[in-house]
1. In whole Hz and in residue order, list the ³J(HN,Hα) couplings for the stretch 410-424 that follow from phi through the Karplus curve 6.51 cos²θ - 1.76 cosθ + 1.60, θ = phi - 60°; x for Gly and Pro.
2. Using Cα-Cα distances under 8 Å and only pairs 6 or more residues apart, what relative contact order does the chain have, in percent?
3. Test of understanding: ordering Leu312, Leu273 by Cβ neighbours within 10 Å, fewest first, what list do you get?
4. Pairs of lysines 8 or more apart, or on different chains, with alpha carbons under 19 Å: count those in the stretch 293-436, would you?
5. Can you list the residues, at least 5 places off or on another chain, whose amide H is less than 5 Å from the amide H of Ile299, using H built in the peptide plane?
6. Amide H to amide H, which residues 5 or more places from Leu180 or on other chains are under 5 Å from it, using H placed in the peptide plane?
7. To the nearest 10 degrees, how steeply does helix 356-367 sit against the main Cα axis of the chain, on a 0 to 90 scale?
8. Can you give the local net charge around Leu300? Use residues other than it whose beta-carbon is closer than 11 angstrom to its beta-carbon, Lys and Arg +1, Asp and Glu -1.
Amino acid sequence: MCGIVAYIGNQEAYPIILKGLQRLEYRGYDSAGVALLDQKLTIYKKKGKVAELEGSLIGKNLHAKSGIGHTRWATHGEPSDRNAHPHRSPSGKLAMVHNGIIENFAPIKKELQNKGYVFQSDTDTEVLLYFIEDIYHNDATSLEEAVRIALKRIIGAYVIILLDEAHPDTLIAARKGSPLVIGIGKNEHFLASDASPIIEYTKEVVYINDYEMAIVKPDELILKNPGNERITPFITKLDMELAAIEKGGYEHFMLKEIFEQPTAVFDCLRGRLDAKAGTIRMGGIDKHLELLKEAKRIILVGCGTSWHAGLLAEYVFEELCRVPVEVEYASEFRYRNPVINPGDVIIAISQSGETADTLVALENAKNQGAFIFGVVNVVGSSIARLSQAGAYTHAGPEIGVASTKAFTAQITVLYLIAIKLGYAKGCLSRDRYLHLIGELALVPDKISEVLKSAPAVAALAEKYKDARDFLFLGRGYNFPIALEGALKLKEISYIHAEGYPAAEMKHGPIALVEDSLPVVFVATKDSYHDKLISNAQEIKARKGSVIAVISENDTVFQDIADETIAVPAADEILAPLLSVVPLQLLAYYTGLAKGLDVDKPRNLAKSVTVE
Ligand code: F6R
């Protein structure tokens, strides 16, 4: 949440920062701003998307060799020019951008107000900046020292980057709980919330750790720990291509990412699953197989779509590995006092690897002795680094705010783990094991088949786009998919949508069914199929409109439903990899039909680095 980018070197800073902000806009898009330093510090900021800022700066002289930029997801104070970052210090000489939340900003603000400071915005960021400058002027010999002193008092999460008019050759950055990557060029450095603004210029990056501070000059990167000792930057090579973060001819990132799912699942299986040899090889599992086999309990932790992947994994692990499983919302888990016993394994699920609630939940569990296994997409992210073992999902960068290919890749990894572990534990016969891995290998091609239904789903979206509410129903392995379908639709189209286990309808929600309420059944052929048919009849009897995702050739459901979208037949355990795709398309095309910005839905942002 909030994207920050900065540059120092020999090139013009503004175009680099602007492009960086466009790439980071998925993290927040309430307002954007840039501070440029060319002898004097100039700050430009604007409510709205980065394009508004860009438009307001046409024709301006924006010459500068260093600068900082920000695209905001509002926490303290409404989206406005005034609350946009960068903020300027009382003397006018410092500018700062911030991603995160300063939890104890209120008492510090009071103290500063008592000293006579007058604030220009409602933000916690401005309070931290004023606090830093107050220390800089009164108690410190350098800005670096002032930042260090100030941060000792701060509770919360942050990445900050400061620009100082008195020292145009230096940027100062610090992090705790929010991500920061520094790209190393030739006599230049690029700082950003993730690697996407950097990849075009250099593949050599340093991921900054919590409590580290970076003093960045064009030709030097000094890293320090909170004790003011220098530490050696650990340089990593980015394994990412520029094309992966561009739209590649698609109208939206979301559509591109939905269509990338055959490749995402294939990449996730590649090098791991060998259907001919009948093997699954996963370094993170192989190394800890005994520990996983002995696990007394598996606890899956995540948020949002990643939590839905965890819920599906609960069904799968219980079935294939016969191990007790719990699924936890990270935001609840972190504040409860959960009982963690020796032998508990926590599987953390996160696309970004930066979700604040998930990160802290894991830190707490790790401190209580749990073993943390990460299922993460973003390489080098905080959760990936905190995990003691893990398996990357290899979905490639996901830029659309609504998660699509990251979800299918997450569940693919979870299937691989469950099948491998179930077989190793002796819970799966060799035949069943070989059948499942054979079926898994067919999934990429089957998803390609499902994608051919896109025009039909678009027509359906057009027909139902004005509905006020939607219900999504499923049972068994398709229940988490019903929840995911509802989440996608509300995120992208702003239509109120609820997901339920179909059998729960008669315990309350059926009261909502009235003439033509669209009810989406996730109804691929499985052990619940007959029951689901009865549930669909109950909806029809009350004049609801039944839209069903079915297995091909399911004539029974075709007769009941008003609309059907067929997906290829698959083992019932793996069917969610197919049944979720039409629901993603439904959300996308409904948002599109309503004229909404599907890649940047209102109030949302990707990578939720605030709790
Ligand atoms: C929904 C969505 C969110 C994320 C959630 C967790 O489309 O994208 O619900 O799944 O914020 O994010 P990660 O997986 O990055 O931890």
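Bear in mind that the values in this text are calculations on the coordinates, not laboratory data. Model, not experiment: these values are computed from the prediction. Positions of Cβ are generated from backbone atoms using ideal geometry, with glycine treated the same way; all protein chains shown enter the neighbour counts.
1. The phi angles translate into 4, 6, 4, 4, 5, 4, 4, 4, 5, 5, 5, 5, x, 5, 4 Hz.
2. That works out to 12 percent.
3. Starting with the residue having the fewest Cβ neighbours, the order is Leu273, Leu312.
4. Here the count comes out as 5.
5. HN-HN under 5 Å from Ile299: Glu326, Val345, Ile346, Ile347.
6. Ile208
7. The two axes meet at around 90 degrees.
8. Combined, the nearby Lys, Arg, Asp and Glu give -2.
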